[in-house]
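Each value in this text was obtained by applying a stated rule to the coordinates, not by laboratory testing. Remember, it's a predicted structure, so these values are computed and weren't measured experimentally.
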Amino acid sequence: MSDTHDQLPAELDVTGFVGPYVFPDIIRRRIPALVLLGVGAIFLALYASSSDGGVLVNRGFLWAGAGFALLGAYHWAAAFRLKVNELDALAAASKQVGFAIGHASAQLGWRGLRSRPTWRILLFSAEDPPKNRGLVLVDGVTGDILGDYVEANPEDWSKL
């Protein structure tokens with residue numbers, strides 16, 4: 001009988017944690033953009049060189065080449081450089097809400113048709129239990145505050 005059992009993959013093993021997580025830069029979208037543009041150019045070149053109505057290269061190459069080129073152009077346009085990290089976004093959010101920050105959480109999301117990176121900062125005031133909480137949206141490219149919502153913490157901690 002073997003001693004086979006479930007294991008976590010190495011990248012999910014918390015005991016091997018070395019430091020803070022670094023969010024990958026969205027500029028990486030330019031790599032598949034170049035691949036898509038290259039494949040589109042090849043398809044369009046094949047169609048242009050064999051446009052005599054052949055069996056192997058037909059109008060489908062034109063449509064596929066145009067589709068790949070459009071998709072590559074979109075990926076290129078959506079490749080923003082992430083200039084604001086989560087600590088910078090948290091600092092901007094703490095200035096916006098006007099109270100000392102206790103617990104906080106940062107999530108990177110995207111907004112708009114071009115998928116512009118946006119930090120969503122959820123934060124609580126430093127009291128125990130926290131009296132206030134807030135949500136601040138910070139642009140990941142410029143660091144501008146896009147919106148905020150602050151309220152008194154409605155959770156009742158008196159029974160705990």
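Between ALA106, ALA33, ALA48, the Gaussian network model of the chain with springs among Cα atoms under 10 angstrom shows the greatest mean-square fluctuation at ALA48. Equivalent ellipsoid of the chain: semi-axes from √(5λ) of the C-alpha gyration tensor, largest first, are 47, 25, 13 Å. Just how many % of Cα pairs in segment 86-152 lie over 19 Å apart, if you round to the nearest whole percent? Tail of the P(r) past 19 Å holds 27 percent of the pairs. Computed from the C-alpha gyration tensor, the three semi-axes of the ellipsoid equivalent to segment 45-100 are 52, 8, 6 Å, from longest to shortest.
Take the Cα radius of gyration of segment 26-77 and divide it by 2.2 N^0.38 Å, N being the number of residues; the result is 1.24. The HN-Hα couplings worked out from phi for segment 31-41 by the Karplus form 6.51 cos²θ - 1.76 cosθ + 1.60 (θ = phi - 60°) are 5, x, 4, 5, 5, 5, 5, x, 5, x, 5 Hz, whole numbers, x standing for Gly and Pro.
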